[in-house]
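The values are calculated or read from the model by the stated rules, or taken from the named source; none is laboratory data. Source: prediction; values computed, not measured. Using ideal geometry, Cβ is built from the backbone for each residue, glycine included, and neighbour counts are taken over all protein chains shown.
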Amino acid sequence: MAGLKSALTESLQVEIDYKSLEAHRSVKMEDTSSVKYSVSLYLGEAVNSFNGDACMPFTMNVETVPDGISFKIMGEIFVLGPRQTVEKWISSRNDSPPKIWVQVYEEALKALASLASYLQAPPLECLRHVELDHTGGKES
């Protein structure tokens, strides 16, 4: 569970429920310095409750390049708070992903780090932290 503050300082509560964590390793990689990761994050349509809270399914697929290790993380994110604030965080603006996308990405990477460590996968440092412009941040 993670707490967020929006740009308007309205409180949101964000909870992530992991439904499935998969890790696959088919080869041992000798030279991990040249390994890169390919990441795909799907964030489904929000289902709103009567009080304005929202639930969104998500799936993150991560694979090494070259092939050898892959991960799949599936779950739901619950966004709890005042109706208008929740709507700001789950809605797309100007052809950009919703603000909540960054939170899902960051939290799923934390789960991925544990799986990667267990499989002795190459370090995840090459997956950079991302904050979208409309969340008040930038890539780093």
- [ ] Kindly indicate whether any position in region 79-90 is touching a residue at least 40 places away in the same chain (Cβ under 8 Å), assigned to a loop (DSSP other than H, G, I, E, B) and more than 10 Å from the chain's Cα centre (by Cα).
- [x] yes
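Table: residues versus (1) under 13 Å from the mean Cα position of the chain (by Cα); (2) modelled with pLDDT of 90 or more; (3) in a strand (DSSP E or B).
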| residue | (1), (2), (3) |
| --- | --- |
| Y42 | yes, yes, yes |
| P57 | yes, yes, yes |
| D67 | no, no, no |
| A108 | yes, no, no |
| A111 | yes, no, no |
| P123 | no, no, no |
| C126 | no, no, no |
| V130 | yes, no, no |
Task: Residue list for region 20-35, restricted to those being surrounded by fewer than 12 Cβ atoms within 10 Å (Cβ to Cβ), assigned to a strand (DSSP E or B) and charged (D, E, K, R) - done: E22
Open item on the list: Looking at region 94-113, I want the residues that are touching a residue at least 24 places away in the same chain (Cβ under 8 Å) and over 11 Å from M60 (Cβ atoms) and have a partner that is outside any helix (DSSP H, G or I) and of a type in the set (S, T, Y) with Cβ atoms under 7 Å, at least 6 apart or on another chain. Which pairs are those?
Closed with: P98/S91; P98/S92
TODO: State the number of residues belonging to region 6-35 that are at pLDDT below 85 and within 20 Å of K110 (Cα to Cα).
DONE: 1
Open item on the list: Residue under question is K28, and the condition is that it be touching a Ser or Thr at 6+ places or on another chain (Cβ under 9 Å), under 30 Å from P122 (Cα atoms) and not small (G, A, S); does it hold?
Closed with: no
TODO: Can you confirm whether region 70-77 contains a residue that is of a type in the set (F, W, Y), in a strand (DSSP E or B), out of contact with any helix residue (DSSP H, G or I) (no Cβ under 7 Å at 6 or more places or on another chain) and at negative phi?
DONE: no
Open item on the list: F71 - would you say it is buried (at least 20 other Cβ atoms within 10 Å of the Cβ), among the aromatic types (F, W, Y) and touching a residue at least 24 places away in the same chain (Cβ under 8 Å)?
Closed with: yes
TODO: Might you check whether a residue that is of a type in the set (A, V, I, L, M), closer than 18 Å to P123 by Cα, free of Cβ contacts under 8 Å to residues at least 40 places away in the same chain and touching a Ser or Thr at 6+ places or on another chain (Cβ under 8 Å) occurs anywhere in region 60-68?
DONE: yes
- [ ] Would you please name the residue that is farthest from S117 (Cα to Cα), looking only at residues in region 91-104 that are of a type outside the set (K, R) and in a loop (DSSP other than H, G, I, E, B)?
- [x] N94
